[in-house]
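> Attaching a single structure in structure tokens format; questions to follow.
Bear in mind that the values in this text are calculations on the coordinates, not laboratory data. Note that this is a predicted model, so its numbers are computed, not measured. Here the Cβ is made from the backbone with ideal geometry for all residues, glycine too, and neighbour counts use every protein chain on show.
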Amino acid sequence: MNTLAAHLNELNLGDWSEHINFLSTQKLAIKHGDLPRWRQALSKLPTVNNYQVNLSDEVKLTTHEQLDTKQLEQTLQTLCPWRKGPFHLFGIDIDSEWQSNLKWQRLAKHINLTDKRILDVGCGNGYYGFRMLGSGAKSVIGIEPNLLFYHQFLAFKHYLNDLPIWILPLTLEQINPPTIGFDTVFSMGVLYHRSDPIGHLQNLRAFMTEQSELVLETLIIDGDENSVLMPKDRYAQMRNVWFIPSILMLEIWLKRVGFKNIRLVDISTTSTTEQRVTNWMQFQSLADFLHPHNHNLTIENLPAPKRAIFLANK
Ligand SMILES: C[S@@+](CC[C@H](N)C(=O)[O-])C[C@H]1O[C@@H](n2cnc3c(N)ncnc32)[C@H](O)[C@@H]1O
């Protein structure tokens, strides 16, 4: 069996394995009101003996076996809201709030993941991690403190247990870096949620080697090298947004933290095609968070979400 402990032992990272195992066990022992419901959902996943897996164009598992798909759909609905996806499991299409495949399309052409050991910080339910494996990555370790997203990942890991992908149900700040850094470190959609964005960049760097590559995706605003937005309160209805820098300001942050070879590879305005309400995420979504008469602004009269992807080396 392809366990995380075995993978880390091969790399002589037994101590680190113990460290993260201790923290993860502690986190999963907490009393969380929804945990029994999510665990029960996982226990109801059907046994399937023969199936095909496609991770290169999408995240899709198919089988010729006869399954009770109504029951499978109900089981997966127990794990709503599905924010990231889409996923396809034995005939059930999980149409998540985000069409995460669109971000992957914008990003994948700029990076080479062949044989890379990857750390994906704030990995959500692991959608991108699966796509990383589909792009030839050697292994993926995700870090994600949200236990619902962690259980969504486990629903797929249930069938993909032999694949070298794992999620630690932790925050980046809780974890000490291992003695060998990762080849590629991703931080997508996390920086603006951090009240200490410089500390976040320093932390990411601590998990890298001299040769590693950082993939940083975050919200940005238009503006010069002195521009950064700190919302007075909410941003697009999110309560936990702290700093949204301009591209030039973010380049300064990256340089001052010590990153080199900084490259901006994508800028895109988030559309209501990419982020929207579906049957798998029935709360409000981007269309409700934009200004009703001007989609260049959020409902709070701030610049509408625009995102950039940077690559950099340590
Ligand atoms: C906006 S989502 C982005 C998910 C995914 N990376 C993407 O790009 O679509 C941010 C994720 O980061 C996670 N997160 C927030 N703070 C974190 C931290 N300190 N360490 C690790 N993950 C964190 C959140 O739980 C959430 O799932």
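> Let me know the charge dipole size of the chain about its Cα centre in debye, to the nearest 20, where only the beta-carbon of Lys, Arg (+1) and Asp, Glu (-1) is charged.
The calculation lands at about 240 debye.
> Next question, about the same structure. Give me the net charge for the shell around ASN12: Cβ to Cβ below 14 angstrom, other residues only, Lys and Arg +1, Asp and Glu -1.
-2
> Turning to a different aspect of this structure: Determine the relative contact order of the chain: mean sequence separation of Cα pairs under 8 Å and six or more apart, normalised by residue count, in whole percent.
For the chain, the relative contact order is 16 percent.
> Which of the lysines could be linked to LYS109 by a straight reach, that is with a Cα gap under 29 Å, when you skip same-chain ones fewer than 8 residues away?
Cα-Cα hits under 29 Å: LYS60, LYS84, LYS138, LYS157, LYS255, LYS260, LYS306, LYS314.
> State, as an integer percentage, the relative contact order of segment 49-103 based on alpha-carbon contacts under 8 Å between residues 6 or more apart.
The value is 29 percent.
> Could you tell me what a quarter of the Cα convex hull surface of the chain works out to, in nm² with one decimal place?
Mean projected area of the Cα convex hull: 16.2 nm².
> Over the chain, what is the percentage of antiparallel beta bridges among all DSSP beta bridges, to the nearest 5?
Here the antiparallel bridges make up roughly 55 percent for the chain.
> While we're here: When the helices in the chain are scored as -39500 (n - 2.57) per DSSP H run of 4 or longer and the sum is shared across all residues, what 222 nm value do you end up with, to the nearest 500 deg cm²/dmol?
Taken over the chain, the calculation gives -8500 deg cm²/dmol.
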